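The values are calculated or read from the model by the stated rules, or taken from the named source; none is laboratory data. Since we're looking at a predicted model, the values are computed, not measured. FYI the Cβ positions are ideal-geometry reconstructions off the backbone, even for glycines, and counts take in every protein chain you see.
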Amino acid sequence: MFFNKKNKQDKDNVYLEKIAALLIHAAKIDEKYTKEEEEIIKKTLLDLGVGEAELENLITKAKLNEENATQILEFTKEVKNLNENSKIKIIKSLWRIIYSNKDADMYETNLMRRLSGLLYINNKTMGDIKEEIRKENL
């Protein structure tokens with residue numbers, strides 16, 4: 001019984017670490033990683049079930065993971081298997097990170113276009129979320 005619980009916890013940590021790495025990647029893609037972006041990442045991870053005590057450690061691991069990654073597929077493998085609501089939460093957070101500086105550059109929009117396909121989010125849904133978040137940040 002203990003091993004099954006520990007195994008599930010390890011799997012949860014891996015998927016949360018991948019999500020955190022993906023969020024960090026989006027924050028760093030414009031080469032301006034800000035405190036505001038980090039706060040959005042922390043809030044997202046807390047909303048997804050990361051405990052306060054584990055948060056800093058998870059972010060540290062995710063930053064290392066992001067720095068050593070060669071492609072975004074490493075982050076999306078776990079995320080694409082989540083339910084639709086969880087994926088939408090993550091997509092909203094990604095757009096919040098991008099629009100936290102009031103503008104989306106070509107690298108950020110390219111990232112989101114690629115993620116749309118990799119995470120199986122249709123273009124209409126992605127566009128609706130983008131507009132919703134953009135309006136929040138005006």
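A few notes on this one:
- Sole residue being polar (S, T, N, Q) and without any contact (Cβ under 8 Å) to a residue 12 or more places away in the chain, chosen from Asn137, Asn122, Asn101: Asn122
- Taking the listed residues Ala26, Ala69, the one that is of a type outside the set (Asp, Glu) and at pLDDT 95 or above is Ala26, with no other qualifying.
- Every pair of residues 6+ apart whose Cβ atoms lie under 7 Å, when the first sits in the range 28-43 and is under 14 Å from Ser93 (Cα atoms) and touching a residue at least 60 places away in the same chain (Cβ under 8 Å) while the second is part of a loop (DSSP other than H, G, I, E, B) and polar (S, T, N, Q): Glu36/Ser100; Glu37/Ser100; Ile40/Ser100
- Here Lys87, Lys130 are screened, and the one residue that is in contact with a Lys or Arg (Cβ under 8 Å, 6 or more places away or on another chain) and surrounded by 12 or more Cβ atoms within 10 Å (Cβ to Cβ) is Lys87.
- Leading residue by the ranking (surrounded by the fewest Cβ atoms within 10 Å (Cβ to Cβ)) among those in the range 71-84 that are touching a residue at least 40 places away in the same chain (Cβ under 8 Å) and over 17 Å from Asn122 (Cβ atoms): Leu73
- Selected residue (criterion: surrounded by the most Cβ atoms within 10 Å (Cβ to Cβ)) from residues of the range 99-124 that are in contact with a helix residue (DSSP H, G or I) (Cβ under 8 Å, 6 or more places away or on another chain) and among the aliphatic types (A, V, I, L, M): Leu115
- Residues satisfying the stated conditions in the range 30-41, i.e. in contact with a helix residue (DSSP H, G or I) (Cβ under 6 Å, 6 or more places away or on another chain) and modelled with pLDDT of 95 or more: Glu37, Ile40, Ile41
- Lys32, sole failed condition from (1) in a helix (DSSP H, G or I); (2) of a type in the set (Lys, Arg); (3) surrounded by fewer than 16 Cβ atoms within 10 Å (Cβ to Cβ): (1)
- Just one of (1) surrounded by fewer than 19 Cβ atoms within 10 Å (Cβ to Cβ); (2) under 17 Å from Glu17 (Cβ atoms); (3) polar (S, T, N, Q); (4) in contact (Cβ under 8 Å) with a residue 12 or more places away in the chain fails for Ser93. It is (1).
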